[in-house]
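One structure is given below, encoded as structure tokens.
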Amino acid sequence: MPGPAWLLAQEAADQSAFLKLVDTLVDGLSLGAIYALLALGFVLIFKATQVVNFAHGAIAAVGGYMAFWFAVSRDFPGQYLTFLPDWLNWILAALLAVFVTAMLGWLLERLFIKPMIGEPLFSIAIITLGIDFVLRTINDDLIGIDPRPIGQPLGVGVASFGSGQVTIAHTDIATIITAVVLVSAIALFFRTRTGVAMRATAFDQEVSMAQGISAGRVFALAWIIGAALAATAGILTSMFPRGLGVDRATAFVAFRAFPAVVIGGLDSVVGAVVGGLIVGVAEQAAGVYLSSVTWLGAGFSGIVPWLLMLVVLLVRPYGLFGTEEIRRV
């Protein structure tokens, strides 16, 4: 029969394993929240316009750069609102960056997507790919080689639990709260008159237009919201502990979030959120628990979402929450 010392050691090991699991879960939820915002913006554009927006990552990087430009490079509006605390000035600068990026999304839709209505969807998708290359090239030239810090309103502080075995960055907590607020706002938006019009257009454009709904306005609104969500994700992923600032790799964050879109379902808002959380937790857990398996390689956690996506596609080709379509050939 095991002695008291062994029991105490086993209890301590179990507690340590549990705290490690909690730490991994929280980190995964924070990463998943960023993926969920990206996936949600991607799905909103697809549902409304049936367009696969390959420029989503570049738009996210623009949002990150705008945050750097306003908050750090120009100290706007902090240089004028000196009576406000620094953290509030940073939030105002971030909101302004999101607004400017949202207007960029509207401009892109007006200039390049609206004239292509009625044309083959493949051609429109290629246009978004061209937009991605143009935006990414311009953004990379503006950013340069080194990351551009966007400021840290919460610093690099962490909250510790369980005798310091669980550490949660304050920014991670803010990321999760931000995602919850934005997802809730989108859910409430869909209950408004405009939101119902967007849902109707996504379901059947011709019928909705026959009911007097302006499909063009719905398309523009979808791109505005999608760009705003992408910009928010671009800002959050450029902050501690995810990054040192916006850099040339920021544009690829949407590519990492694409499995979340496919897993949840390309046309499902709920699926975008669930898929983002699943991918974030899976990627973080793989990085923590599989890092000691040397033959898997150091970057194995990066391909776990894609492997998970392949498994889901084999079982449910339309995603966990996507609409099943049956086509007879």
For the chain, the percent of accessible surface on carbon and sulfur atoms (probe 1.4 angstrom, ligands and nucleic acids excluded) is 68
Along principal axes, largest first, the alpha-carbon spread of the stretch 179-329 in whole Å comes out as 60, 44, 25
If exposed means GluC sites (Glu not before Pro) lying in a DSSP loop and surrounded by at most 10 other beta carbons within 10 Å, then the longest stretch of the chain lacking such sites spans residues 1-323
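Hand me the chymotrypsin sites (Phe, Trp or Tyr not before Pro) from the stretch 190-298 located in a DSSP loop with no more than 16 other Cβ atoms within 10 Å, in residue order please. Write down the numbers at each step before the final one.
Numbers: sites: Phe190, Phe203, Phe219, Trp223, Phe252, Phe255, Tyr289, Trp295; in loops: Phe190.
Listed in order of number, the matching sites are Phe190.
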Scattering profile of the stretch 190-278 from the Debye formula, Cα beads only, expressed as log10 I(q)/I(0) at q = 0.20 Å⁻¹, is -1.02
Per residue, accessible area of the chain with a 1.4 Å probe, heavy atoms of protein chains only, in Å², comes to 52
For the stretch 48-57, in residue order, the Karplus 3J(HN,Hα) values (coefficients 6.51, -1.76, 1.60; θ = phi - 60°; whole Hz; Gly and Pro = x) are 7, 10, 6, 9, 7, 8, 6, 8, 4, x
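When each pair of different Cα atoms in the stretch 141-208 is counted once in the 1/r mean, what is the Kirkwood radius in angstroms, to one decimal?
For the stretch 141-208, the Kirkwood estimate is 16.1 Å.
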Listed by chain and number, the residues whose amide H is under 5 Å from that of Ala169, excluding neighbours fewer than 5 places away on the same chain and using placed H, are Ala159
In a Gaussian network model of the chain with springs linking alpha carbons closer than 10 Å, the residue among Ala55, Ala33, Ala215 that fluctuates most is Ala215
The stretch 267-329: spread of alpha-carbon positions along the three principal axes, whole Å, largest first, is 47, 26, 13
So, for the Cα atoms of the stretch 235-307, Rg and Dmax in Å stand at 13.3, 38
Under the Karplus relation with 6.51, -1.76 and 1.60 and θ = phi - 60°, whole-Hz ³J(HN,Hα) for the stretch 169-185, x at Gly and Pro, equal 5, 4, 5, 4, 5, 5, 5, 5, 5, 4, 4, 4, 5, 5, 5, 5, 5
If amide H atoms are modeled at 1.01 Å from N in the peptide plane, then the residues at a separation of 5 or more from Val246, or on another chain, having amide H under 5 Å from its own are Arg148, Ile150
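Report relative contact order for the chain in percent, whole number only (criteria: Cα-Cα under 8 Å, sequence separation at least 6). Working shown, then result.
Values: 523 pairs, mean separation 106.6, N = 329.
Across the chain, relative contact order equals 32 percent.
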For the chain, whose charge dipole is built from +1 on Lys and Arg Cβ atoms and -1 on Asp and Glu Cβ atoms, the candidate among Val253, Thr178, Phe190 with its Cα farthest towards the positive end is Phe190
Counting only residues 5 or more apart in sequence or on a different chain, those whose built amide H sits under 5 Å from that of Asp267 are Thr323
Correct response: the longest run of the chain lacking exposed trypsin sites (Lys or Arg not before Pro), defined by DSSP loop and at most 10 other Cβ within 10 Å, is 1-190
Of the convex hull drawn through the C-alpha atoms of the stretch 14-127, the volume per residue in Å³ is 145
In order over the stretch 268-275: 3J(HN,Hα) from phi, Karplus 6.51/-1.76/1.60, θ = phi - 60°, whole Hz, x for each Gly or Pro, gives 10, 5, 4, x, 4, 5, 5, x
Inverse of <1/r> over all distinct C-alpha pairs of the chain, i.e. the Kirkwood Rh in Å, gives 21.1
Here the tail fraction of P(r) beyond 19 Å, over all Cα-Cα pairs of the stretch 117-241, rounds in percent to 67
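The values are calculated or read from the model by the stated rules, or taken from the named source; none is laboratory data. Here the structure is a predicted model, which means the values were calculated and not measured. Please note: Cβ atoms are built from the backbone with ideal geometry, for glycine as well, and neighbour counts cover all protein chains shown. Protein only, heavy atoms only, side chains kept; ligands, DNA and RNA dropped before computing areas. Shrake-Rupley method; radii C 1.70, N 1.55, O 1.52, S 1.80 Å.
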